[in-house]
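Everything on this sheet refers to the single structure shown next.
The values are calculated or read from the model by the stated rules, or taken from the named source; none is laboratory data. A quick note: this is a predicted structure, and the numbers were derived from the prediction, not measured. A quick note on method: Cβ atoms are made from the backbone with ideal geometry, for glycine too, and the neighbour counts reach across all protein chains shown.
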Amino acid sequence: MVLDQLTGVCPASAPESVTLPGALGRVLAHPILADRDIPSLARSVRDGFAVRSAETPGRLRLAGEVRAGEPALLPLPPGSAIEIMTGAPLPEGADAVVMVEHTTRDDTHVIVPAATPGLNFNPQASEASAGAVLLPAGERLSYPGIALCASVGAANIAVHPKPRVAILATGDEVVPFDQTPLPHQVRNSNTLSLATQVTLAGGIPIVLPTAPDRLDETRALIEQGLESDLLLLSGGVSAGKYDVVELALQQLGAQFFFDRVAIQPGQPLVFGRARDTFFFGLPGNPASTMVCFEIFARAALDRLAGRPHAPLPFTRASLEHPFSHRPGLTRFLPARLHPNGHSVARISWTGSSDVPAIAQANCFLVAQPDTPEYHAGDLIDILFLER
């Protein structure tokens with residue numbers, strides 16, 4: 001449903017240009033095209049000898065040498081071989097490269113085994129033709145993408161602006177993380193975790209002061225947050241007497257798309273739009289906040305960043321130990337994927353406020369609402385935590 005409501009969401013500002021060294025993690029506003037054939041001519045992929053396959057096996061006269069970085073000036077004469085280095089252009093007339101370790105040579109000749117056409121070289125344009133789309137618009141640049149841009153001379157890249165994401169924690173019990181809380185208070189970890197998740201997702205976090213459980217002050221801070229591209233609120237969206245976030249949003253003319261989801265942790269999740277800005281009212285417990293951001297809010301951030309199709313990092317792994325859960329809700333349970341990438345173990349935890357357990361996890365098990373029992377060896381969905 002979130003994605004249905006986000007269909008019309010697009011970046012708020014026009015594309016901007018960044019230099020390639022500063023483009024890591026940015027989202028392409030325009031596709032990257034091949035500026036020429038790749039490779040631009042046939043190139044050897046081995047050190048060896050360029051030959052005509054029809055003249056192998058046999059003893060061939062050495063007719064010269066071609067190195068990487070220089071043109072193949074000499075065509076291959078009949079009955080001859082040309083010594084060639086990895087990356088060097090294939091001489092005209094050659095249709096195979098025999099690896100040097102498979103040959104025997106003296107000063108004037110080389111003995112080569114049988115070769116087949118196309119052996120050990122990449123034909124011109126075998127990787128891409130000039131003008132081909134190498135990276136589509138909407139792609140987030142990783143280090144291979146940076147290398148690709150460099151290889152086609154894309155020194156300046158048109159990218160979407162990073163979305164500005166306002167983060168507003170709520171609650172009288174919340175104190176700054178660098179203060180010593182009283183027994184009835186908690187340090188503000190949600191603001192930092194959300195800011196980190198926003199940064200990892202390609203946004204710019206804008207942390208607002210914590211909103212107390214008072215309507216007027218909460219409404220004023222929400223109004224400030226709505227000046228950003230996306231607003232994330234943490235806490236104050238349950239049914240408690242002092243949960244004033246939804247009322248404050250109503251007073252600001254908010255349109256609500258839903259206020260509850262069938263997952264745990266994270267059932268009391270509010271999603272809507274006010275003053276042309278989408279907002280999420282995330283539950284206040286840390287695990288709920290983290291899970292709801294990854295599953296729901298990240299989709300909005302992706303679209304605002306210019307990524308209309310960015311699937312969540314789900315995979316499957318084999319359970320190391322059995323467990324059961326009450327059916328009816330999809331549950332996200334902290335777990336640790338084994339370094340072998342095939343097996344996963346659930347981490348014991350006391351609930352969605354158990355930050356020490358979450359910090360040990362590198363993924364969440366996804367327990368389906370219609371599957372109350374899981375056995376050792378069962379395959380189960382897992383959601384990776386991006387770090």
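Among the residues making up the range 49-81, those that are surrounded by 17 or more Cβ atoms within 10 Å (Cβ to Cβ), closer than 16 Å to Ala114 by Cα, among the aliphatic types (A, V, I, L, M) and within 51 Å of the chain's Cα centre (by Cα) are Ala50, Val51, Ala81. Does Gly281 fit the bill of being in the same structural domain as Gly171 (by TED's automatic domain parsing) and on the phi > 0 side of the Ramachandran plot? Criteria not met by Gly281. For the range 15-33, which residues satisfy the criterion of being touching a strand residue (DSSP E or B) at 6+ places or on another chain (Cβ under 7 Å) and either buried (at least 19 other Cβ atoms within 10 Å of the Cβ) or without any contact (Cβ under 8 Å) to a residue 12 or more places away in the chain (or both)? Ala23, Arg26, Val27, Leu28, Ile32 - these are the residues of the range 15-33 that are touching a strand residue (DSSP E or B) at 6+ places or on another chain (Cβ under 7 Å) and either buried (at least 19 other Cβ atoms within 10 Å of the Cβ) or without any contact (Cβ under 8 Å) to a residue 12 or more places away in the chain (or both). When you look at Gly153, is it under 30 Å from Ser353 (Cβ atoms), assigned to a loop (DSSP other than H, G, I, E, B) and small (Gly, Ala, Ser), yes or no? Against the criterion (under 30 Å from Ser353 (Cβ atoms), assigned to a loop (DSSP other than H, G, I, E, B) and small (Gly, Ala, Ser)), Gly153 does not qualify.
For the condition among the aliphatic types (A, V, I, L, M), without any contact (Cβ under 8 Å) to a residue 60 or more places away in the chain, farther than 30 Å from Ala150 by Cα and not in a strand (DSSP E or B), Ala68 does not qualify. Would you be able to say whether some residue in the range 294-304 is closer than 25 Å to Pro356 by Cβ, crowded, with 24+ Cβ neighbours inside 10 Å and among the hydrophobic types (A, V, I, L, M, F, W, C)? Scanning the range 294-304 turns up at least one residue that is closer than 25 Å to Pro356 by Cβ, crowded, with 24+ Cβ neighbours inside 10 Å and among the hydrophobic types (A, V, I, L, M, F, W, C). Looking across Leu269, Leu312, Leu329, one residue alone is farther than 24 Å from Asp172 by Cα and surrounded by 14 or more Cβ atoms within 10 Å (Cβ to Cβ). It is Leu329. Scan the range 93-110 residue by residue and report those that are over 17 Å from Arg46 (Cα atoms) and either under 47 Å from the mean Cα position of the chain (by Cα) or small (Gly, Ala, Ser) (or both). Listed by number, the list holds a single entry, Gly93. Among the residues of the range 222-261, write down those that are of a type in the set (D, E, K, R), assigned to a loop (DSSP other than H, G, I, E, B) and at pLDDT below 90. Matches in the range 222-261: Lys241, Asp243, Asp259, Arg260.
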